[in-house]
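Bear in mind these aren't lab numbers, they're just calculated from the coordinates by the rules spelled out. Remember, it's a predicted structure, so these values are computed and weren't measured experimentally. Note that we place each Cβ from the backbone using ideal geometry, even for glycine, and neighbour counts take in every protein chain shown.
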Amino acid sequence: MLSVYELKWAGPTILDDIGDGLSHNYSSIAIHLPIFKKNFQIVENFKETKIETFAENFYIKYVENNYLERMNFNYFDLCDLVFYNKIYTGSYKNKFYTTLELN
């Protein structure tokens, strides 16, 4: 069994709620590591790990499916992990998860 944590989006503005670091990168999903690191204080454990290996800890659940799929890592840009996966299925937001043990 896979143990996961659902990542939260920011509020209407970053001043309301910064969420867990999920962000839009054009039409693809990105995880902003400084916010993710601040919220969960786990990135230090992965200093020696290649970014591609770290990216394997993120999953997506599409609106029409009842199962999780590993997200497809695209590239690392400044402080963001950017994935090929889309944010929306139609007009519905997909859900994003991590298998990392969070503090």
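Could you give the length gained on full extension between Leu2 and Lys86, defined as 0.36 nm per residue of separation minus the Cα-Cα distance, in nm?
Details: separation 84, 0.36 × 84 = 30.24 nm, distance 2.22 nm.
Contour length minus the Cα-Cα distance gives 28.0 nm.
A simple spin-label model places the labels of Asn65 and Asn94 0.7 nm from each other, with each point 7 Å out along Cα-to-Cβ.
Taking K and R as +1 and D and E as -1, what net charge do the other residues with C-beta under 12 Å from the C-beta of Val63 add up to?
Details: positive: Lys61, Lys86, Lys93, Lys95; negative: Glu64.
Its environment carries a net charge of +3.
Over 18 Å apart at the Cα level, from the set Lys8/Lys37; Lys50/Lys95; Lys61/Lys93; Lys8/Lys95; Lys8/Lys50, are Lys50/Lys95; Lys8/Lys50. Evaluating kT/(6 pi eta Rh) at 37 °C and 0.692 mPa s, with the Kirkwood radius of region 5-98 over Cα pairs in the Stokes-Einstein relation, gives 241 µm² s⁻¹.
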